[in-house]
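Since the structure comes first, as structure tokens, the remarks are kept for the end.
FYI, it's all coordinate maths here, none of it is from the lab. None of the values given here were measured: they were computed from a predicted structure. Note that we place each Cβ from the backbone using ideal geometry, even for glycine, and neighbour counts take in every protein chain shown.
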């Protein structure tokens with residue numbers, strides 16, 4: 001849930017322009033890779049109006065893992081070192097990595113993530129800001145709920161982080177969030193790479209000196 | 001005199017259990033969003049290339065699609081009707097609400113489109129329209145699971161948009177064919 005101590009951090013220009021372009025190219029799914037996107041994944045398991053989206057489950061599918069592990073590990077490790085994940089977020093590695101995608105006409109539902117910290121890398125440097133497709137964060141809704149049984153209704157938006165290529169968003173996994181719709185002028189697939197992370201020491205970020213003074 | 005209409009529609013192409021198997025298999029497929037229905041126009045749709053012949057199809061792991069062809073060819077006598085005994089390319093297309101493939105013509109002699117989704121509802125639309133040369137609707141073939149439509153490949157046609165009420169992926173299996181005698185005059189009467 002969103003509190004005064006919640007983390008929503010945005011890092012731009014994560015990689016040099018050339019490397020960012022290479023990452024975008026490498027993550028484009030072309031025929032020669034032999035693998036692609038599967039449809040039907042949802043952010044809310046129990047919502048009857050759920051909106052499925054596209055996914056490449058890198059961690060859970062051995063074939064995907066063979067193809068994408070190199071890319072995802074390389075990106076994660078470079079970011080970890082550059083942005084000092086351990087000191088900032090008490091995160092040393094990820095537990096799960098996947099890619100999500102959606103096109104115009106699909107509006108993924110608002111949800112919370114599993115894990116403790118979620119990291120979303122936006123690889124498309126060719127993406128235009130006016131196409132939308134950012135990530136929005138919402139205030140906590142009152143009422144009883146569990147992680148598995150939550151259907152958000154009237155939520156106030158806290159902030160939107162626009163989709164800008166070569167940008168990383170890091171946030172507490174229990175903050176309500178969702179991918180924004182895509183503008184009708186956009187004919188492309190909006191993709192993100194997502195790492196689900198746990199704190200290194202198994203407890204929490206609030207034990208770290210980095211956050212002691214906040 | 002040819003034995004086919006401009007657009008032929010065949011229902012119950014596969015036995016029910018085979019149709020169910022194909023439907024289930026397609027739901028597990030991995031797609032690429034890199035295919036234009038009309039080059040130079042903006043809309044793309046989801047696509048899977050499955051092979052040019054049986055050998056390549058088996059190699060690429062799509063042999064479970066072959067019963068569609070075998071069943072339809074035998075049951076509806078494609079050899080006699082279209083002078084077609086095999087296909088030259090097999091692929092799958094898909095789109096969701098918000099993606100609208102363009103009007104286009106195909107290569108080959110006859111295009112045969114199979115609808116695999118048995119749970120598809122008529123109100124979701126997503127059928128295929130074949131147009132005449134004056135751009136009037138020649139025939140609108142609704143999406144219905146286990147249905148196959150066949151028409152001369154040069155005819156303008158278009159996969160129809162999917163309703164906003166539909167959250168599902170509209171999939172189809174496409175067989176591109178060439179007539180056995182390779183005589184284009186057979187098709188000229190329909191141009």
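Which order, highest average first, do B:116-123, B:155-162 follow once you tally other Cβ atoms within 10 Å for each residue and take the mean per peptide?
Values: B:116-123: 15.9, B:155-162: 20.9.
Those peptides, ordered most packed to least, come out B:155-162, B:116-123.
Work out how much length residue B:88 to residue B:103 would gain on full extension: take 0.36 nm times their residue separation and subtract the Cα-Cα distance, in nm to one decimal.
Working: separation 15, 0.36 × 15 = 5.40 nm, distance 2.20 nm.
Between residue B:88 and residue B:103, full extension yields 3.2 nm more.
How many percent of all Cα-Cα pairs in the stretch A:38-112 sit more than 21 Å apart? Walk me through the numbers on the way to the answer.
On the way: 1227 of 2775 pairs.
For the stretch A:38-112, the share of Cα pairs beyond 21 Å comes to 44 percent.
Per 20 Å bin, what percent of the C-alpha pairs of the protein assembly as shown does each bin hold, from zero upward?
25, 49, 22, 4, 0
Any idea how far apart residue B:11 and residue B:164 come out in nm if each label point goes 7 Å out from Cα toward Cβ?
Here the answer is 3.1 nm between the modelled labels.
Once R0 is set to 41 Å, what does the formula 1/(1 + (r/R0)^6) return for the Cβ-Cβ distance between residue B:121 and residue A:7, expressed as a FRET efficiency to the nearest 0.05? Could the numbers behind the result be given before it?
Working: r = 44 Å, r/R0 = 1.06.
Calculated transfer efficiency: 0.40.
From largest to smallest, what semi-axes in whole angstrom does the stretch B:82-153 give when each is the square root of 5 times an eigenvalue of its alpha carbon gyration tensor?
Values: eigenvalues 84, 56, 30 Å².
For the stretch B:82-153, the semi-axes come out at 21, 17, 12 Å.
Round to the nearest 0.05 the FRET efficiency obtained for residue B:25 and residue A:164 when R0 = 45 Å and r is the Cβ-Cβ distance. All intermediate terms of the calculation are to be shown ahead of the outcome.
Working: r = 38 Å, r/R0 = 0.85.
Once the sixth-power term is evaluated, E becomes 0.70.
Going by how many other beta carbons lie within 10 Å of each one, how would you line up A:1, B:149, fewest first?
Numbers: A:1 12, B:149 22.
The order, fewest Cβ neighbours first, is A:1, B:149.
Take peptide A:99-105, look around each residue's Cβ out to 10 angstrom, count Cβ atoms belonging to other protein chains, and average those counts. Don't skip to the end; give the middle numbers.
Working: counts 0, 0, 1, 2, 9, 6, 10.
Mean number of neighbouring Cβ atoms from other chains: 4.
How many partner chain Cβ atoms sit within 10 Å of a residue's Cβ in peptide B:25-31, on average, as a whole number?
Working: counts 0, 0, 3, 3, 4, 13, 7.
Going residue by residue through B:25-31 and averaging, the value is 4.
Within 10 Å, count the other beta carbons around each residue, average over each peptide in A:57-69, A:128-140, and list them highest first.
Numbers: A:57-69: 15.5, A:128-140: 17.8.
Those peptides, ordered most packed to least, come out A:128-140, A:57-69.
Is it possible to state the helix-based mean residue ellipticity at 222 nm for the protein assembly as shown, with each DSSP H run of 4+ residues giving -39500 (n - 2.57), the sum divided by total residues, to the nearest 500 deg cm²/dmol? What is it?
Here the helix-only value at 222 nm equals -5500 deg cm²/dmol.
Given an 8 Å cut-off on Cα distances and at least 6 residues of separation, report the relative contact order of the stretch B:1-116 as a percent.
On the way: 114 pairs, mean separation 38.4, N = 116.
Relative CO of the stretch B:1-116 lands at 33 percent.
Counting other C-beta atoms within 10 Å, which of B:112, B:142, B:92 has the fewest, and how do the rest follow? If you can, show how the numbers build up before the last one.
On the way: B:112 28, B:142 16, B:92 20.
Ascending number of Cβ neighbours within 10 Å: B:142, B:92, B:112.
Across peptide A:36-43, what mean number of C-beta atoms from other chains lies inside 10 Å of a residue's C-beta? Write out the running numbers ahead of the final one.
Numbers: counts 9, 6, 6, 12, 5, 0, 1, 0.
Per-residue shielding by partner chains comes out at 5.
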